[in-house]
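The values are calculated or read from the model by the stated rules, or taken from the named source; none is laboratory data. Everything numeric here is computed off the predicted structure, so don't read it as measured data. With ideal geometry, Cβ positions are generated from the backbone for all residues, glycine too; neighbour counts draw on all protein chains shown.
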Protein chains: 2
Amino acid sequence: MLILNNHDVQKALDRDECLAICEDAYRELGLSRAVNRPTTQSYLPHSMASSTYSFKSVEGGIAKFNVMALRICSDIVREEETSGTLRLNKLPLAPGGKFVGMVQLFSIETGEPLAIMPDGLIQQARVAITSALGVKYLAREDSATLALIGTGDQARAHLRSLITVRPISVVRVFSPNPVHRKEFVKTMGAECGIDLQEVSSVEEAVKNCDIICTATNASKSIITGTMIESGMHYNAIREFEVEESVFTRCDVVAIHTRFGGVIHYLPPGQEDDFPGVRREKDRDWGQFPEITDLVAGHGPTRINDNQTTFFLNNIGTGMQFAAVGYSVYFGCLKMGLGHEVPTDWFLQDIKP
Amino acid sequence: MLILNNHDVQKALDRDECLAICEDAYRELGLSRAVNRPTTQSYLPHSMASSTYSFKSVEGGIAKFNVMALRICSDIVREEETSGTLRLNKLPLAPGGKFVGMVQLFSIETGEPLAIMPDGLIQQARVAITSALGVKYLAREDSATLALIGTGDQARAHLRSLITVRPISVVRVFSPNPVHRKEFVKTMGAECGIDLQEVSSVEEAVKNCDIICTATNASKSIITGTMIESGMHYNAIREFEVEESVFTRCDVVAIHTRFGGVIHYLPPGQEDDFPGVRREKDRDWGQFPEITDLVAGHGPTRINDNQTTFFLNNIGTGMQFAAVGYSVYFGCLKMGLGHEVPTDWFLQDIKP
């Protein structure tokens, strides 16, 4: 069994190959040959003020790839007030000031554990690659100008993935923090070999672009319906980023999944939410086409260059971790990466 | 971080101490200081005929013990017809002909992983100890004669635990298979130092006993309401073992938990169950007192030696794995058992 770290994951993650695997996984899901178990979060009080222990888990598997994935996060979350707004922060309280999140892979054929790897880069990749598939199926073929709102890890991962599916040659980057913008333009411009331009407002970024991508922690809407001009594609990774009129004004609207959102568990009898428990708006996703429809050719698609399209990468699924984890695992096997420990340590004679 | 095997678990499992920890855990649960996430099972087709891949998981944690537990089973299940009845079998297809089931423990204070251990013995112990708590709170203090129906691993675990809570001096053992009965009486008599008697029918075992315990795989009822005589306590580990009249005839009826049962996930669009998917009868458990009520002194209890009492150890919970896992983990720490691997292998710098 392989135990991998984020350096191994980074080396083994081939974005083109991983996108092809994810696309295939969605095709399999559409054919009833993959499975998802919704995300759950269980909470207990933490000894620190305004803090809560949160254990998150989700599962998904793909028969064709012989892989079942379990993703878990063992987090201490704290509500912190910064410049008047309440923000949710994860605290790195594990030894060495670290975080605890992992993806565990199992073989469907034998049941055995195959690998345990950290979820950090995989989490970023699974969101970004799904957004890239949305772009692949909905954005204009000749999309060259990207408006990127956000400069965090998800924005980086999105830039890396979106340039694999469209001939992006101009990227206008906005974040409210000029230091973050500068840093992003410098490092990501060098990494991607693309002309990154720092801009000072969302409007400036968006005007006349081909693709808008928001990758932020915003709790208020950033993109309004009127910002989306003829021919544009808009990709959002969180519902909070999107003004309601976007849903009604865009010609084609699709989402990642109609599958249910996070289910929260508090101790029985605990009536008030603990600090840091965030419940998403309850929305009926059933009315929207999802990515399996786009991949299978069932869904609505762009029929001309003037239409506006919108993809909301709404909810994560376990199958995404199975697909990206599978890609990383085989990459590491080929490259001889990771710590190998005896599989037998995780097996037993006793029939459970 | 510790990786433990079943030998370590066996050495570290002190049944008296573990029962005290479990009792405390139920007290904590009653005070809203412990949490459970229901069991889920996700299924995918397996390449072998009549076989299905099943990934089961459940979580629970106890703030007082600083522990969150995740239990997972990565199984290949097959439906097999033996002597005219359809039985569900788990196949040991992992390397070396082994099974895959484990309990993973995490620290609530730091989030870090503490241990990974096989679930085999822990699974047996958590059921048996919960039954022993039912006996402790409901059976007559002077209960000396036990009728034990079943000779499998659960029957062994139950015998080991029930003798810690009542002065059992006579045990009458029945199983339809005489070879199993003989073997059980010989090995468990020696282990427990108690007079074990082999009997040839359920009726013979039950007549004039103080406690009935069924620990079987039966899919038809074994114990009927009329078998339960004045003063007896009956413990069942599966609803299938119990004739409906037991619920109405017994003076006091309690269950393990009112918490929900297993939630099953098939691939989307998959209409028929795969082979080996077993769905429990949908019963409203809400009407019954549960073990947290008994431990907290809220529930009904035996008020005289003539009453009949019934405890149905109905559904497993994640918190049981947290309590037994905690007991085993600290036992192993004290005794220096297990493989130690760097905790850092399972941590990361990236905020997930």
- Query: Among the helices (runs of 4 or more DSSP H) contained in region B:197-312, which hold 3 or more residues that are within 14 Å of chain A (Cβ to nearest Cβ)?
  - Reply: B:291-296
- Query: Restricting region A:168-190 to residues that are of a type in the set (Val, Ile, Thr) and not in a strand (DSSP E or B), which is nearest to residue A:234 (Cα to Cα)?
  - Reply: A:168
- Message: So, residue A:121, is that one over 21 Å from residue A:339 (Cα atoms) and either touching a residue at least 60 places away in the same chain (Cβ under 8 Å) or within 21 Å of the chain's Cα centre (by Cα) (or both) or not?
- Response: no
- Number of positions in region B:164-195 that are closer than 16 Å to residue B:154 by Cβ and crowded, with 19+ Cβ neighbours inside 10 Å: 7
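Would you tally the residues in region A:47-68 being within 7 Å of chain B (Cβ to nearest Cβ), under 26 Å from residue A:278 (Cβ atoms) and crowded, with 20+ Cβ neighbours inside 10 Å?
Our first condition is that a residue be within 7 Å of chain B (Cβ to nearest Cβ); within region A:47-68, this holds for A:47, A:53, A:55, A:57, A:59, A:61, A:63, A:68.
Keeping just the survivors that are under 26 Å from residue A:278 (Cβ atoms) gives A:47, A:53, A:55, A:57, A:59.
Narrowing further to those that are crowded, with 20+ Cβ neighbours inside 10 Å: A:53, A:55, A:57, A:59.
Looking only at that region, the number is 4.
Residue-wise test of (1) under 30 Å from residue B:91 (Cβ atoms); (2) touching a residue at least 60 places away in the same chain (Cβ under 8 Å).
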position	(1), (2)
B:21	no, yes
B:25	no, yes
B:38	yes, yes
B:46	yes, no
B:50	yes, yes
B:53	yes, no
B:60	yes, yes
- Taking region B:289-314 and keeping only residues that are farther than 17 Å from residue B:249 by Cβ and polar (S, T, N, Q), one is left with B:292, B:301, B:313, B:314
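Yes/no matrix, rows are residues, columns are (1) under 22 Å from residue A:293 (Cβ atoms); (2) aliphatic (A, V, I, L, M):
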position: A:5; (1), (2): no, no
position: A:9; (1), (2): no, yes
position: A:24; (1), (2): yes, no
position: A:38; (1), (2): yes, no
position: A:44; (1), (2): no, yes
position: A:53; (1), (2): no, no
position: A:59; (1), (2): no, no
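Each row is one residue, and each column tells you yes or no for (1) of a type in the set (Asp, Glu); (2) closer than 30 Å to residue B:74 by Cβ.
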| position | (1), (2) |
| --- | --- |
| A:47 | no, no |
| A:59 | yes, yes |
| A:63 | no, yes |
| A:69 | no, yes |
| A:85 | no, no |
| A:97 | no, no |
| A:121 | no, yes |
| A:126 | no, yes |
- Task: Can you tell me which residue within region B:146-167, out of those that are in a loop (DSSP other than H, G, I, E, B) and touching a residue at least 40 places away in the same chain (Cβ under 8 Å), is nearest to residue B:216 (Cα to Cα)?
- Result: B:150
- Task: Collect the residues in region A:138-158 that are touching a Phe, Trp or Tyr at 6+ places or on another chain (Cβ under 9 Å) and buried (at least 22 other Cβ atoms within 10 Å of the Cβ), keeping them in residue-number order.
- Result: A:138, A:139, A:147, A:148, A:149, A:150, A:151, A:155
- Message: Return the residues of region B:1-30 that are farther than 9 Å from residue B:331 by Cβ and among the aliphatic types (A, V, I, L, M); say none if nothing qualifies.
- Response: B:1, B:2, B:3, B:4, B:19, B:20, B:21, B:25, B:29
- Kindly list the number of the only condition in (1) within 13 Å of chain A (Cβ to nearest Cβ); (2) surrounded by fewer than 20 Cβ atoms within 10 Å (Cβ to Cβ); (3) of a type in the set (A, V, I, L, M, F, W, C) that fails for residue B:319. (2)
- Note on the structure: Scanning region B:271-314 for residues that are touching an Asp or Glu at 6+ places or on another chain (Cβ under 8 Å) and closer than 27 Å to residue B:76 by Cα, the one modelled with the lowest pLDDT turns out to be B:281
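How many residues are over 15 Å from residue B:170 (Cβ atoms) and either surrounded by fewer than 17 Cβ atoms within 10 Å (Cβ to Cβ) or of a type in the set (Lys, Arg) (or both) if we restrict to region B:196-209?
First, the residues of region B:196-209 that are over 15 Å from residue B:170 (Cβ atoms): B:200-203.
Restricting the remaining residues to those that are either surrounded by fewer than 17 Cβ atoms within 10 Å (Cβ to Cβ) or of a type in the set (Lys, Arg) (or both) gives B:200-201, B:203.
The number of residues fulfilling the criteria is 3.
Suppose we filter A:51, A:47, A:57, A:74 for residues that are closer than 30 Å to residue B:45 by Cβ and among the hydroxyl-bearing types (Ser, Thr, Tyr); which single one remains? Talk me through it step by step, then tell me what you get.
Values: A:51 fails: closer than 30 Å to residue B:45 by Cβ; A:47 fails: closer than 30 Å to residue B:45 by Cβ; A:74 fails: closer than 30 Å to residue B:45 by Cβ.
On inspection, the qualifying residue turns out to be A:57.
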- How many residues of region A:73-91 are free of Cβ contacts under 8 Å to residues at least 40 places away in the same chain and crowded, with 20+ Cβ neighbours inside 10 Å? The answer is 3
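So, of the residues in region A:9-46 that are of a type in the set (S, T, N, Q) and within 19 Å of the chain's Cα centre (by Cα), which turns out to be surrounded by the fewest Cβ atoms within 10 Å (Cβ to Cβ)? Explain how you work it out, then say what you get.
As a first pass, look at region A:9-46 and keep what is of a type in the set (S, T, N, Q): A:10, A:32, A:36, A:39-42.
This time we only want the ones that are within 19 Å of the chain's Cα centre (by Cα), so: A:10, A:36, A:39-41.
Working: A:10: 13, A:36: 23, A:39: 21, A:40: 20, A:41: 22.
Top of the filtered list is A:10.
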- Query: Out of all the residues in region A:295-303, is one or more more than 30 Å from residue B:154 (Cβ to Cβ), surrounded by 18 or more Cβ atoms within 10 Å (Cβ to Cβ), in contact (Cβ under 8 Å) with a residue 60 or more places away in the chain and not small (Gly, Ala, Ser)?
  - Reply: yes
- Is it the case that residue A:129 is outside any strand (DSSP E or B) and either free of Cβ contacts under 8 Å to residues at least 24 places away in the same chain or touching a helix residue (DSSP H, G or I) at 6+ places or on another chain (Cβ under 8 Å) (or both)? yes
- Query: Scanning region A:85-132 for residues that are under 15 Å from residue A:318 (Cβ atoms) and not hydrophobic (A, V, I, L, M, F, W, C), which turns out nearest to the other protein chains (Cβ to nearest Cβ)?
  - Reply: A:101
